[in-house]
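Undergrad: To start, I am sharing the structure in question, which I have written as structure tokens.
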Amino acid sequence: MNFYPVRAIYMAEIARVRRTLLQSIVSPIISTSLYFVVFGAAIGSRIDQVEGVSYGAFIVPGLIMLMLLTQSVSNASFGIFFPRFSGSIYELLSAPISYLEIVIGYVGAAATRSIVLGLIILATANFFVPLHIEHPVWMVLFLVLTAVTFSMLGFIIGIWADGFEKLQLVPLLVITPLTFLGGSFYSIDMLPPFWQGVTLLNPVVYLVSGFRWSFYGVGDVSIVASVVVIALFLTLCLATVAWIFRTGYRLKP
């Protein structure tokens, strides 16, 4: 593998993030603070604890996961869509660089930005509630795997989209609702039995639950189920990306 083109793509994407620092970093931090004000103050004052954890601390993993999923998809989708929109993608495809190196460059940059943002939100949350991470290695593992997986999903969306409006279609109409309904701000044990079964069909439940387990040792599903689901989703994304480059879907004029 030639790391020079990977580094060139990676640094170009990181430079783009620096040019939009206010939108990339400050805006999500303000949004997270507002979530704490609304959910932590308004709802937290009426809910003492959830599964032995104070409500303010309980929602922290869900908030981080919400931002991580949406930002990973948005970052990677725009990163690959803009070269397609401007036509510079054809210069990249004709250069002596493999498809694997292209994917690593774009997905790596999007995942890096999302991971940094997740850590910043974690530090911000510490100003609102006391935090204790019982399994820091698992926390970092879930953070990295989720960022990489959904950055790859964003890469796929960026190739599929044929207009700027489609770039926000999946994050706004699919990812965000699934995250809100995936136990980010409540435990699914609070739901009636029927809706618990329905909620378990939501794959985001397993991501949020596994990430919350790494903080407090509690979760709605087992840690094994969480790891299996994210591994399967990552495999599916890898297979889809391989098919895109093998067939030239939306890449060849």
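Derivation of every value follows stated rules applied to the coordinates shown; laboratory data play no part. Predicted model only: the values in this text are computed from it and were never measured. Cβ atoms come from the backbone with ideal geometry, glycine included; neighbour counts cover every protein chain shown.
Undergrad: Test of understanding: in a Gaussian network model of the chain with alpha carbons linked when under 10 Å, which of Ala12, Ala242, Ala95 would top the mean-square fluctuation ranking?
TA: In the Gaussian network model the winner is Ala95.
Undergrad: Here is a follow-up. Among residues other than Ile14 whose Cβ falls under 15 Å from its Cβ, what is the net charge (Lys/Arg +1, Asp/Glu -1)?
TA: It works out to a net charge of +4.
Undergrad: Stretch Ile14-Val116 to full length: gain in nm at 0.36 nm per residue minus the Cα-Cα span?
TA: Between Ile14 and Val116, full extension yields an extra 35.5 nm.
Undergrad: Sticking with this one: Please name which of Leu100, Leu131, Ser54 has its Cα lying farthest along the dipole of the chain towards the positive end, using unit charges on Cβ (Lys, Arg +1; Asp, Glu -1) and the Cα centre as origin.
TA: Towards the positive end, the residue furthest out is Leu100.
Undergrad: Please determine, in degrees from 0 to 90 and to the nearest 10, the orientation of helix 3-19 with respect to the longest principal axis defined by the Cα atoms of the chain, where the helix direction is its Cα long axis.
TA: Roughly 60 degrees between the two axes.
Undergrad: Same structure again: Over the chain, what number does the Rg to Rh ratio reach, with both radii from the alpha-carbon atoms and Rh per Kirkwood?
TA: Ratio of gyration radius to Kirkwood radius for the chain: 0.99.
Undergrad: Arrange Arg113, Arg84 by Cβ neighbour counts within 10 Å, fewest through most, would you?
TA: Fewest-to-most ranking of Arg113, Arg84: Arg84, Arg113.
Undergrad: About the Cα centre, and with charges only on the beta carbon of Lys, Arg (+1) and Asp, Glu (-1), how big is the dipole of the chain? Nearest 20 debye, please. Walk me through the intermediate numbers first.
TA: Values: 12 positive and 10 negative charges, 145 e Å.
Charge dipole of the chain: 700 debye, to the nearest 20.
Undergrad: Still on this structure, please answer the following. Where does helix 60-86 land angle-wise versus the long Cα axis of the chain, in degrees 0 to 90, nearest 10?
TA: Orientation of helix 60-86: about 10 degrees from the principal axis.
Undergrad: Can you tally the net charge around Ile25? Count Lys and Arg as +1, Asp and Glu as -1, for every other residue whose Cβ sits under 11 Å from the Cβ of Ile25.
TA: +2
Undergrad: Would you order Val73, Val116, Val129 from fewest to most other beta-carbon atoms within 10 Å of each residue's own beta-carbon?
TA: Details: Val73 28, Val116 14, Val129 17.
Ordered by Cβ neighbours within 10 Å, fewest first: Val116, Val129, Val73.
Undergrad: Right, here's the next one. So how tilted is helix 99-125 from the main axis of the chain? Cα-based, degrees 0 to 90, rounded to 10.
TA: So the inclination is approximately 30 degrees.
Undergrad: What does the charge count near Phe58 come to, summing +1 for each Lys or Arg and -1 for each Asp or Glu among other residues with Cβ under 15 Å from its Cβ?
TA: Charge balance near Phe58 sits at -3.
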